[in-house]
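Below is one structure, written out as structure tokens, with a few remarks after it.
The values are calculated or read from the model by the stated rules, or taken from the named source; none is laboratory data. These figures come from a predicted structure and were not determined experimentally. In this analysis, Cβ positions are derived from the backbone assuming ideal geometry, glycine residues included, and neighbour counts consider all displayed protein chains. Ligands, DNA and RNA are excluded from the accessible area calculation, which covers all protein heavy atoms including side chains. Shrake-Rupley method; radii C 1.70, N 1.55, O 1.52, S 1.80 Å.
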Amino acid sequence: MSCIFCKIIAGEIPSKKIYEDDDMLAFSDINPMAPVHFLVIPKKHIENLLVMEDKDALLIGKLLCKAKELAKQQGCEEKGGRFVINAKSDGGQTVDHLHIHFLGGRSLGWPPG
Ligand code: 5GP
Ligand code: ZN
């Protein structure tokens, strides 16, 4: 297994976990781009949103619901933040295991560079 996020799920690479259940894991980004920056990933290895299958729609929905809940728990309900899913090279995806970023705790620029 060469996927680093699968290794994090398996406990072979340590992470700062903030939530885990049978379907997903949420953990702090190792290189935070904002005061709050965590990732929510499915335990199922799906490379990116472009290759997800319709049968995974419920799973992806669960990930988004959990990302929302964790963002609120981390104090970002009032001012909000950004939910990001990068896909493939033009999207800046560097880890080929689907992940939702949440960034908050500061004002974020738009559009992305
Ligand atoms: P991408 O650029 O693929 O959308 O985002 C991948 C994210 O994973 C990056 O923000 C990067 O900092 C984070 N990341 C990469 N390797 C590790 C790791 O080993 N542990 C953690 N916690 N985050 C990682
Ligand atoms: Zn993986």
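Other residues within the sphere of radius under 11 Å centred on the Cβ of Ser107, judged by their own Cβ, net out at +3 (K and R +1, D and E -1).
Let me make sure I get this right: for region 14-113, a, b and c are the square roots of the gyration tensor eigenvalues over alpha carbons, sorted descending. Under 1.5 in a/c it's rounded, otherwise prolate if a/b > b/c, else oblate. Which is it? Note, shape of region 14-113 comes out oblate. When the solvent-accessible area of the chain is split by element, carbon and sulfur atoms take up 53 percent of it, the probe being 1.4 Å. Shown here for region 1-99: trypsin sites (Lys or Arg not before Pro) in loop regions (DSSP other than H, G, I, E, B) with at most 13 other Cβ atoms within 10 Å, namely Lys16, Lys79. Taking Lys and Arg as +1 and Asp and Glu as -1, the other residues whose beta-carbon sits under 14 Å from that of Phe27 total +1.
Can you classify region 67-113 as rounded, prolate or oblate using the Cα gyration tensor, where a ≥ b ≥ c are the square roots of its eigenvalues, rounded means a/c under 1.5, and otherwise it's prolate if a/b beats b/c and oblate if not? Oblate, because a/c is 1.5 or more while a/b does not exceed b/c. Please give the helix 57-73 orientation as an angle from the longest Cα principal axis of the chain, in degrees from 0 to 90, rounded to the nearest 10. Here the helix axis deviates by roughly 40 degrees. Lacking any other cysteine beta-carbon closer than 4.7 Å, the following Cys residues of the chain have no compatible partner: Cys65, Cys76. Helical content alone sets the calculated 222 nm signal of the chain at -7000 deg cm²/dmol, taking -39,500 (n - 2.57) per DSSP H segment of four or more residues and averaging over every residue. About its Cα centre, the dipole of the chain is roughly 320 debye, where the only charges are +1 on Lys and Arg Cβ and -1 on Asp and Glu Cβ. Each other residue within a Cβ distance under 15 Å of Lys55 adds +1 if Lys or Arg and -1 if Asp or Glu, for a net charge of -2.
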